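Since every read-out is calculated from the coordinates, none of them should be taken as a lab result. Please read these numbers as outputs of a predicted model, since none were measured by experiment. Ideal geometry is used to build each Cβ from the backbone, glycine not excepted, and the neighbour counts take in all protein chains shown.
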């Protein structure tokens with residue numbers, strides 16, 4: 001039988017009464033709070049007892065203090081004399097218990113309690129939520145800009161979708177906690193001034209719990225997306241940066257606390273170390289990415305199962321002279337492949353070659369956005385290379401068995417480059433030869449069947 005256990009507890013920092021009731025129930029079940037951390041609460045086994053608990057806040061305390069501030073030591077001594085024993089404390093947060101049947105409350109003035117909680121919240125908790133909110137919104141905006149610019153690429157990546165969802169949920173969590181606190185503070189201040197009672201109903205708790213639940217579920221999905229991605233190593237390293245930096249930052253802070261380093265120096269050194277480690281780890285991710293870059297070449301055997309269309313499916317060629325480059329991203333929204341079937345030796349310019357991108361759209365609502373981005377990008381790329389060139393809508397798309405077909409023209413001269421739109425997919429195709437009608441039909445059937 002274990003004598004200790006750890007639990008992740010979800011309480012608003014200002015929910016003093018809720019935490020007191022919870023600790024009293026735990027004591028009745030034979031568990032006493034023994035340690036508080038930012039990640040979990042630790043309990044030790046005791047004989048089940050009916051105890052009273054009191055949660056208090058000490059504004060001047062800090063997680064960077066090498067020793068308890070003088071005022072906090074005097075406060076603890078005062079509580080001890082009054083029959084309140086310290087169960088655990090963490091910076092400004094303190095949990096006391098009393099074995100007396102009707103103990104004298106540590107704090108009795110509701111106005112003072114509310115004011116004290118507000119000062120502590122403004123100094124620590126709210127700053128943390130505001131920082132996380134800023135980072136979440138910054139990352140969310142950056143990712144959304146990428147999605148709006150290239151939806152056909154970014155929405156085919158589960159990691160991108162999961163990152164956007166994670167940032168959105170983190171922002172919702174922060175907003176719910178910030179607004180919930182200020183709503184509670186308004187009501188608590190009003191109740192304390194009107195009738196001198198402490199308002200013990202925290203606001204926005206269920207919204208925060210719901211957002212946290214989905215946030216954790218989304219992080220699990222993100223880990224899965226990283227694991228199955230072709231960029232699994234790089235994605236895993238990037239994902240691990242945040243927990244690694246947090247853990248190392250805590251180790252550095254705790255080491256400086258144990259060595260008795262003054263609070264101000266500890267705070268500066270810890271933040272400087274966290275900043276430096278972040279840049280070092282990001283540089284490491286980029287370096288590993290460069291070392292492990294892959295051209296995604298396929299063998300002929302692999303191509304039979306992964307690639308819908310090769311030059312040899314359209315015309316006779318010597319396959320020993322060709323190499324196949326292949327890339328794929330697949331999400332629950334899009335399935336996108338890029339294929340290049342080209343010569344190993346580019347000196348034979350007359351030999352047929354083929355390059356295409358096929359985007360299979362699983363959700364019809366994003367079809368229009370994907371097409372607009374694909375058309376705009378291709379049109380812009382060609383016009384930057386040469387003036388007077390662009391895609392023209394074909395009057396008769398039946399050869400491709402498609403809804404719409406855009407053919408590249410320069411003046412009156414056509415080029416064998418197409419954007420083909422079927423009901424659920426869009427293909428960008430470049431033939432490095434002039435295909436016959438038979439070859440175009442064969443290409444259309446292969447791409448439609450993928």
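Worth a mention:
- Cα-projected label distance for residue 134 with residue 350, points at 7 Å along beta-carbon direction, nm: 6.6 nm
- Residues 313, 345, 434 arranged by fewest to most Cβ contacts within 10 Å: 345, 434, 313
- The base-10 log of I(q)/I(0) for the stretch 252-388, evaluated at q = 0.12, 0.20 Å⁻¹, reads -0.76, -1.22 [Debye formula, identical scatterers on Cα atoms, solvent excluded].
- Computed E for residue 244/residue 368 - FRET, C-beta separation, R0 56 angstrom, nearest 0.05: 0.85
- Where the Cα pairs of the stretch 299-353 fall when distances are cut into 10 Å bins, in %: 21, 50, 22, 6, 0
- From largest to smallest, the equivalent ellipsoid semi-axes obtained for the stretch 176-228 from the alpha-carbon gyration tensor read 38, 8, 5 Å.
- Length gained when the stretch residue 44-residue 315 is fully extended (0.36 nm per residue, less Cα-Cα span): 89.9 nm
- Acute angle (nearest 10 degrees) that the helix 367-385 long axis makes with the longest principal axis of the chain, alpha-carbon atoms: 60 degrees
- Listed by Cβ neighbour count within 10 Å, with the fewest neighbours leading, 386, 34 appear as 386, 34.
- Within the stretch 314-342, backbone nitrogen closer than 17 Å to the virtual label 7 Å beyond the Cα of residue 450 toward Cβ: 314-315, 323-342
- Calculated FRET efficiency, residue 21 to residue 206, Cβ-Cβ distance, R0 = 22 Å: about 0.80 to the nearest 0.05.
- Whether the stretch 1-153 is rounded, prolate or oblate, judged on the alpha carbon gyration tensor where a/c under 1.5 counts as rounded: prolate
- Gain on full extension, evaluated as 0.36 nm per residue between residue 73 and residue 108 minus their Cα-Cα distance, stands at 10.6 nm.
- Between 0 and 90 degrees, the angle of helix 232-258 with respect to the longest Cα principal axis of the chain falls at about 20 degrees.
- Computing volume of the Cα convex hull per residue in Å³ for the structure here picks out one of [x] 188; [y] 213; [z] 175, namely [y].
- Computing FRET efficiency as 1/(1 + (r/R0)^6) for residue 8 and residue 28, where r is the C-beta to C-beta distance and R0 is 25 Å, gives about 0.75.
- On Cα atoms only, tilt of 126-149 relative to the major axis of the chain in degrees: 10 degrees
- Extents of the stretch 8-89, largest first, come to 35, 30, 21 Å (Cα atoms, principal axes, whole angstrom).
- Taking the centroid of alpha carbons for each part, the stretch 23-38 and the stretch 126-155 are 39 Å apart.
- Compactness relative to 2.2 N^0.38 Å, alpha carbon Rg of the stretch 362-425: 1.17
- Orientation-averaged projection of the stretch 332-450 equals 8.2 nm² [convex hull of Cα atoms, one quarter of hull surface area].
- With a simple spin-label model that places each label point 7 Å from the Cα along the Cα-to-Cβ direction, the separation between residue 396 and residue 223 comes to 5.9 nm.
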